[in-house]
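Undergrad: Here's a structure for you.
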Amino acid sequence: MGRWDGLDRRSTGEESISPGRTGKRGAGRMKILFFAGLKDQTGTEEVVWEKDEATVGEVREYVLSLFPHAYTVKQAMAAVNEEFVQETDTVHADDTVAFLPPVSGG
Amino acid sequence: MENKRYYITDSPLNPLELQQLVTKPEAGAVNCFIGTVREFTKGRRTLYLTYEAYEKMAEKKLAQIGSEIQEKWEETECAIAHRTGRLDISEAAVVIAVSSPHRQAAMEASSYAIERIKEIVPIWKKEQWEDGTAWIGDQLEKNRYPRGGPGKEELEE
């Protein structure tokens, strides 16, 4: 019992040091935002993907895997850190990806 | 907010305030475009609109349009504000003010600005009709989402 106590304490201690901020592989997070009709379809305005790197196309596929009925994501423009991007562009940890349905301002 | 030339706000827009932002002694014209909420579209009655924006990006893109205008038309000054939230009939959704030494540039530039807003600024409007609501996908209504989601046909595609 005493032996397991020790292990438990040690592992708890390690977790509390720096969850998600160690800079180790697998520690990255990207934020994904939804708007307007797309937000209605996903039922949320934001999800976090624990991933170090992905293409915009891969992020789009991830969204569809989470929300198969979020039809609008297929025709949405994508932006990374508030700039429009192409499907093959790379998204990194700490980036914010936004999927933008066709706009209708004015 | 006072001297900001490109902004999103949920408060009523004041065209005079934008006019003042672009006025200068060198200007011989200030063109102020006001986009308002229309009651009837193709015979269908709108009760009110709700605008949503990706605010941070929308302000960046409005500023980009301003830079494009200053590149295309020399010596112009530009200010653009777009409102979000619920807007009733006849309220101003967008105000574009452009000043220039001679009138033609100011008029052309504001026309350019409203077209660009409809292309690149992340703002969306939701129509509230008497019998339903829909996010408007684009100004030609080619991409609207009835009932806020895909219809049967779309899911089956």
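All of the numbers you see were taken from the coordinates with simple rules; none came from a lab. The structure presented is a predicted model; accordingly, all values stated were derived computationally and were not measured. Cβ: placed from backbone, ideal geometry, glycine included. Neighbour counts: every protein chain shown.
Undergrad: So for segment A:26-100, averaging the separation of alpha carbon pairs under 8 Å that are six or more residues apart and normalising by length, what relative contact order in percent results? Numbers along the way, then the final one.
TA: Details: 143 pairs, mean separation 31.6, N = 75.
For segment A:26-100, the relative contact order is 42 percent.
Undergrad: Below 8 Å between Cα atoms, with a sequence gap of 6+, how large is the relative contact order for chain B in percent? Walk me through the intermediate numbers first.
TA: Working: 316 pairs, mean separation 46.8, N = 157.
Relative contact order of chain B: 30 percent.
Undergrad: What lysines sit close enough to A:LYS31 to cross-link, taking a C-alpha to C-alpha distance under 22 Å and skipping anything fewer than 8 places away on the same chain?
TA: Filter leaves A:LYS39, A:LYS51, A:LYS74, B:LYS56, B:LYS60, B:LYS61.
Undergrad: Report, to one decimal in Å, the Kirkwood hydrodynamic radius for segment B:6-156 based on all distinct Cα pairs.
TA: Working: mean 1/r = 0.0611 Å⁻¹.
Taking every pair of different Cα atoms in segment B:6-156, averaging 1/r and inverting gives 16.4 Å.
Undergrad: Using a Cα-Cα cut-off of under 19 Å, which lysines could be cross-linked to B:LYS42, ignoring same-chain neighbours fewer than 8 residues away?
TA: Hits, sequence-local ones excluded: B:LYS125, B:LYS126, B:LYS142.
Undergrad: Restricting attention to segment B:26-130, which GluC sites (Glu not before Pro) occupy a DSSP loop and are surrounded by at most 11 other Cβ atoms within 10 Å? The partial results should precede the final answer.
TA: Details: sites: B:GLU26, B:GLU39, B:GLU52, B:GLU55, B:GLU59, B:GLU68, B:GLU71, B:GLU74, B:GLU75, B:GLU77, B:GLU91, B:GLU108, B:GLU115, B:GLU119, B:GLU127, B:GLU130; in loops: B:GLU26, B:GLU39, B:GLU74, B:GLU75, B:GLU91, B:GLU130.
Loop-located and lightly packed - B:GLU26, B:GLU74, B:GLU130.
Undergrad: Please report, in debye to the nearest 20, how large the charge dipole of segment A:26-100 is about its Cα centre when each Lys and Arg carries +1 at its beta carbon and each Asp and Glu carries -1 there. Provide the component values of the computation, followed by the final result.
TA: On the way: 6 positive and 14 negative charges, 60 e Å.
Using Cβ point charges on Lys, Arg, Asp and Glu, segment A:26-100 gives about 280 debye.
Undergrad: Cα gyration tensor of segment B:59-110, axes a ≥ b ≥ c as square roots of the eigenvalues: rounded (a/c below 1.5), prolate (a/b > b/c) or oblate?
TA: Working: a/c = 3.92, a/b = 1.79, b/c = 2.19.
Oblate, since a/c reaches 1.5 and b/c is not below a/b.
Undergrad: In peptide B:121-129, how many Cβ atoms from other protein chains are near each Cβ within 10 Å, on average? Let's see the in-between values first.
TA: On the way: counts 5, 12, 7, 11, 5, 4, 1, 0, 0.
Counting Cβ atoms of other protein chains within 10 Å of each residue's Cβ and averaging gives 5.
Undergrad: Still on this structure, I have one more. Could you list A:PHE34, A:PHE84, B:PHE33, A:PHE67 in order of exposure, starting from the residue whose Cβ has the fewest other Cβ atoms within 10 Å? Before the final figure, lay out the partial values.
TA: Numbers: A:PHE34 26, A:PHE84 15, B:PHE33 21, A:PHE67 18.
Ascending number of Cβ neighbours within 10 Å: A:PHE84, A:PHE67, B:PHE33, A:PHE34.
Undergrad: Report, as an integer, the average count of C-beta atoms from other chains found within 10 Å of each Cβ along A:31-43. Before the final figure, lay out the partial values.
TA: Working: counts 0, 0, 3, 1, 8, 15, 15, 4, 4, 7, 4, 0, 0.
Across A:31-43, the average partner-chain Cβ count within 10 Å equals 5.
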